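S.K.: Below is one structure. I have some questions about it.
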Amino acid sequence: MPELQQLRAGHAPAVLAFELANRAYFAASVSDRGDAYFDRFTDGFESLLAEQGAGICVFHVLVAEDGSVLGRFNLYDLQDGTAVLGYRVARHVAGHGVATATVLELCGLAAARYGLHTLRAATSHENVASRKVLVKAGFAPVGPANPAELGGKPGTWYQRDLPLQQ
């Protein structure tokens, strides 16, 4: 059974393998990370861990039983009880409810573990799968996204208010 884990240094090889194996698939719906991302992957990965350590972001990976990464689920720009959600799943698990189930799990963690009360996410109009995931996970459209935030593509911001944890 896949497990959602907070990103740690030991995940680096599996994250790189995930990104390389799915690069073309991701580029069809979001901006390609570019060769520089892969050329300097170690430095970038260490920067993510430093941001997480500073409390600016919280990064997660969905790890399969064999240790491979099935998806990345990130909360970034944590501020005043809000965060932005970003996610991507491997091509071979897309369309099987993995993203929706994991986003729902992360919503619970966001409230219970990280004390967040609002999550926001943006997706392009053409990324139908991502829009479906957000709606199924309880997000509602709240307004247009700046195309510059979505690789030049028009899109929409979605938001979900989380239940207050006691």
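S.K.: So if I check each of Ala99, Ala36, which one is under 20 Å from Arg23 (Cα atoms) and either under 16 Å from the mean Cα position of the chain (by Cα) or part of a loop (DSSP other than H, G, I, E, B) (or both)? First the steps, then the outcome.
M.R.: Numbers: Ala36 fails: either under 16 Å from the mean Cα position of the chain (by Cα) or part of a loop (DSSP other than H, G, I, E, B) (or both).
Sole residue among the options that is under 20 Å from Arg23 (Cα atoms) and either under 16 Å from the mean Cα position of the chain (by Cα) or part of a loop (DSSP other than H, G, I, E, B) (or both): Ala99.
S.K.: Here is a further query. Taking the conditions exactly as written (free of Cβ contacts under 8 Å to residues at least 12 places away in the same chain and out of contact with any Asp or Glu (no Cβ under 7 Å at 6 or more places or on another chain)), does Ser47 satisfy them or not? First the steps, then the outcome.
M.R.: Working: free of Cβ contacts under 8 Å to residues at least 12 places away in the same chain: yes; out of contact with any Asp or Glu (no Cβ under 7 Å at 6 or more places or on another chain): yes.
When the stated conditions are applied, Ser47 passes them.
Residues checked against (1) surrounded by 19 or more Cβ atoms within 10 Å (Cβ to Cβ); (2) in contact with a Phe, Trp or Tyr (Cβ under 9 Å, 6 or more places away or on another chain); (3) in contact (Cβ under 8 Å) with a residue 40 or more places away in the chain:
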residue: Ala27; (1), (2), (3): no, no, no
residue: Val30; (1), (2), (3): no, no, yes
residue: Asp39; (1), (2), (3): no, no, no
residue: Glu51; (1), (2), (3): no, yes, no
residue: Ala54; (1), (2), (3): no, no, no
residue: Leu62; (1), (2), (3): yes, yes, yes
residue: Leu70; (1), (2), (3): yes, yes, yes
residue: Phe73; (1), (2), (3): yes, yes, yes
residue: Tyr76; (1), (2), (3): no, yes, no
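S.K.: Then there's this: In region 156-166, what count of residues is obtained for those that are at pLDDT 95 or above and of a type outside the set (Lys, Arg)?
M.R.: 6
S.K.: Right, another one. Of all residues being surrounded by 13 or more Cβ atoms within 10 Å (Cβ to Cβ) and either of a type in the set (A, V, I, L, M) or modelled with pLDDT under 95 (or both) in region 131-141, which is farthest from the chain's Cα centre (by Cα)? Just the residue, please. Can you show your working first?
M.R.: Keep residues of region 131-141 that are surrounded by 13 or more Cβ atoms within 10 Å (Cβ to Cβ), which gives 131-139, 141.
Retained after the next criterion (residues that are either of a type in the set (A, V, I, L, M) or modelled with pLDDT under 95 (or both)): 133-135, 137.
Working: Val133: 12, Leu134: 12, Val135: 15, Ala137: 13 Å.
That would be Val135.
The values are calculated or read from the model by the stated rules, or taken from the named source; none is laboratory data. Predicted model, so just to flag it, every value in this text is computed and none were measured. Every residue, glycine among them, receives a Cβ derived from its backbone with ideal geometry; neighbour counts consider all protein chains shown.
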